[in-house]
Amino acid sequence: MKFKYSKNIAKIFLAVLVVSTGACKKDNFLDVPASGTLTSKSTFETQANANLFINDIYDRLPDGNNATDQTLEGWTDNNNCTATGHTGQAVIRNNGLSAGNSTDGPSGQLGWVRNFEQIRRCNVFLKEGEANKAAYDATWYAQRVAEVRTLRAFFYSILFRNYGGVPIITTPLNNLDGSDILYPRSTIEQTVAFIEAECDAAAAVLPTTQTGANTGRMTKGAALMIKGDVQLFAASPLVNKANDAAKWAKAAATFKAITDLNVYSLFKTSNGPTTGPGPLAINSTTGSGTTSTAYRDQFLAINNWNSETIMARGYAMPSKGHRREGFMGPVVVNGGTQAWGGFSPTQTLVDDYDMDNGLPITDPASGYDPQHPYMHRSSRFEQSIIYDGSYWQGYLITTRVGGNNAIDLGSAGDISNTGYYGRKTLDESIKGQASFGAINTSNYIFYRYAETLLSYAEAQNEAVGPDASVYDAMKQVRARVLLPALTPGMSQATMRATIRRERHVELAFEDRRWYDIRRWEITTKGDAVLTKPMMGMKITGTDGSLVYTPVAGFQNKYSDYMNWLPIPADVLTKNSKLVQNPGY
């Protein structure tokens, strides 16, 4: 198929592009070689040069918007991307992960070596900055140290949430001076404690907001969110085998501290594209009459660094944009091939979106009709999913058999093999082919305030049960997408299931599901989401007599031990002090 071939060509193109842009980066000379020496003695002798070095660390944050059409969503039950050779389907959901074929993940964001390289850069600044601080403004230096410690904690948090306990290294290692450069793994408890302490120390110094030229730098809220995310993971069943309520309470306290900063709020402005092929408002076809697009619009470039954003990777023109619409958008638009269709949301995800009355489709009182499955679905559904009979850039998308984007059950090409595409996180004013010019500068968001509220609700519910503060946090998230508050009187178990479903749909396409299904231990146990087939919707017939039939696609296979990634085999060979995760 022509576009399958084009994806392989694109891999070569992107490799050349990375080399080309990297070679012309203004601060490329600041890269730190593995030997432990610096390329320029002047790197840390002036504040301006030291600032460029730190900027280079920011530039190495995970680039999820340029991960081609592979995302962490494809490693989960959320996204059954059509490219069968993608790591998500070929390795992760095919029970094929091993030390010999360990993966760095989309855009390299999970890589053992890659993250330790960034940690090393942080350590270099902390060491060399200390040696040269007499040349710096004292306030600037204190702020930048706190920023770099937060960045280091973030890279460590990625490692912890994927590998467990890891070596804690706080100085730039250098075997030229006779020091031991081979470190063993710290325990999970030690790793968590280190990240907590780093975030606390940084949060005590960092400002609550960054403005002007400093917009996008680490803040107090970012440090606390990294800490809380790590605590939430450590309190969850994968790690917290004894279900120690104190661990949940500690996470809840951190998320409440973020709320108490009174800095963040849910974005509630509907201001999505007024120019280009996409309409300002979503052309509602569910009968729900969607009146707000703020949930969708928060991810647009015009809303970068809005009141909901806590931590994100920024982009800039002319050479630092991204191609998300081309990688992820609907394939056929207005009769021509526009994109790669990297988002193929599953029926499992679609089924978790509430009706517009706030009830799940499994509730007999919800009004859900399996033969009119999109009628009266929630506003969040319309703002997230492109389905048969909905519009993209003014074009009617039909995924029914015989339609312009007919479901591709055999994965023969790029068109969705679930009958759905993703809308959320994409800019409808940008055509897919134009997107390959890297013209979008919308942020790749790591943390936003809605997640703070959901994480607080989860941790507080597990610590003490569904108290009033849990209901209030859930109410805030649901109100933004026009859903009513939850009915009081839920049990802890019912609230747990409700929070998990809310989190599933609220954070869809944001690369959070990979962490959630593992920490909840539902990959092979409980819901066992990675042992079931990837479901889609086959639609036959014609308007007025359409028949909707859920259909099974790729059969997932997954082993419980894969909830922790393997340390790469070559890393183990170089460091005999490291112990591999069980099962590999």
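The values are calculated or read from the model by the stated rules, or taken from the named source; none is laboratory data. Just so it is clear, the structure is predicted and the values come from calculations on it, not from any experiment. Positions of Cβ are backbone-derived with ideal geometry, glycine not excepted, and every protein chain shown enters the neighbour counts. Just so you know, the surface numbers come from the protein's heavy atoms only, side chains and all, with ligands and any DNA or RNA stripped out. Shrake-Rupley method; radii C 1.70, N 1.55, O 1.52, S 1.80 Å.
One table, with the values for the structure above:
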{"read-out": "Filter pass, Asn101 being farther than 30 Å from Gln433 by Cα, open to solvent by 30 Å² or more (accessible area, probe 1.4 Å) and assigned to a helix (DSSP H, G or I)", "value": "no"}
{"read-out": "Any hit, the stretch 400-414, residues being within 23 Å of the chain's Cα centre (by Cα), crowded, with 24+ Cβ neighbours inside 10 Å and at negative phi", "value": "yes"}
{"read-out": "Residue tally, condition of a type in the set (Lys, Arg) and not in a helix (DSSP H, G or I), over the stretch 155-210", "value": "1"}
{"read-out": "Single residue of Asp229, Asp244 found to be under 29 Å from Cys122 (Cα atoms) and among the acidic types (Asp, Glu)", "value": "Asp229"}
{"read-out": "The stretch 404-439, subset outside any loop (DSSP other than H, G, I, E, B) and in contact with an Asp or Glu (Cβ under 6 Å, 6 or more places away or on another chain), residue farthest from Asn65 (Cα to Cα)", "value": "Gly432"}
{"read-out": "Checking Ser366 against (1) on the phi < 0 side of the Ramachandran plot; (2) surrounded by 18 or more Cβ atoms within 10 Å (Cβ to Cβ), the condition it does not meet", "value": "(2)"}
{"read-out": "The lone exception for Thr487 - which of (1) open to solvent by 60 Å² or more (accessible area, probe 1.4 Å); (2) part of a loop (DSSP other than H, G, I, E, B); (3) in contact (Cβ under 8 Å) with a residue 12 or more places away in the chain it fails", "value": "(3)"}
{"read-out": "Residue match in the stretch 124-145 (condition: within 19 Å of the chain's Cα centre (by Cα) and of a type outside the set (Val, Ile, Thr))", "value": "no"}
{"read-out": "Residue within the stretch 519-532 that is of a type in the set (Lys, Arg), in contact with a Ser or Thr (Cβ under 9 Å, 6 or more places away or on another chain) and assigned to a loop (DSSP other than H, G, I, E, B) present", "value": "yes"}
{"read-out": "Residues of the stretch 75-95 that turn out to be without any contact (Cβ under 8 Å) to a residue 40 or more places away in the chain and either crowded, with 16+ Cβ neighbours inside 10 Å or of a type in the set (Phe, Trp, Tyr) (or both), as a count", "value": "4"}
{"read-out": "Boolean, Phe554 is in contact (Cβ under 8 Å) with a residue 60 or more places away in the chain, within 19 Å of Gln89 (Cβ to Cβ) and part of a loop (DSSP other than H, G, I, E, B)", "value": "no"}
{"read-out": "Residue match in the stretch 393-402 (condition: touching a residue at least 40 places away in the same chain (Cβ under 8 Å), part of a loop (DSSP other than H, G, I, E, B) and of a type in the set (Ser, Thr, Tyr))", "value": "yes"}
{"read-out": "Qualifying residue in the stretch 353-360 (condition: without any contact (Cβ under 8 Å) to a residue 24 or more places away in the chain and over 18 Å from the mean Cα position of the chain (by Cα))", "value": "yes"}
{"read-out": "Selection from the stretch 306-342 of residues that are hydrophobic (A, V, I, L, M, F, W, C) and either outside any loop (DSSP other than H, G, I, E, B) or within 23 Å of Ala479 (Cβ to Cβ) (or both)", "value": "Ile310, Met311, Ala312, Ala316, Phe327, Met328, Val332, Val333"}
{"read-out": "Given (1) surrounded by fewer than 18 Cβ atoms within 10 Å (Cβ to Cβ); (2) in contact (Cβ under 8 Å) with a residue 24 or more places away in the chain, index of the condition Thr418 fails", "value": "(1)"}
{"read-out": "Criterion violated by Asp59 - all others in (1) among the charged types (D, E, K, R); (2) out of contact with any helix residue (DSSP H, G or I) (no Cβ under 9 Å at 6 or more places or on another chain); (3) surrounded by 18 or more Cβ atoms within 10 Å (Cβ to Cβ) satisfied", "value": "(3)"}
{"read-out": "Residue in the stretch 132-153 that is surrounded by fewer than 22 Cβ atoms within 10 Å (Cβ to Cβ), at pLDDT 95 or above and closer than 23 Å to Ile181 by Cβ present", "value": "no"}
{"read-out": "Complete set of residues in the stretch 154-194 that are open to solvent by less than 40 Å² (accessible area, probe 1.4 Å) and of a type in the set (S, T, N, Q)", "value": "Ser157, Asn162, Asn174, Ser186, Thr191"}
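Every residue, every condition in (1) surrounded by fewer than 17 Cβ atoms within 10 Å (Cβ to Cβ); (2) at pLDDT below 95, yes or no:
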{"position": "Lys525", "(1), (2)": "yes, no"}
{"position": "Ala528", "(1), (2)": "yes, no"}
{"position": "Lys532", "(1), (2)": "yes, no"}
{"position": "Gly541", "(1), (2)": "yes, no"}
{"position": "Gly544", "(1), (2)": "yes, yes"}
{"position": "Tyr558", "(1), (2)": "no, no"}
{"position": "Val571", "(1), (2)": "yes, no"}
{"position": "Leu578", "(1), (2)": "no, no"}
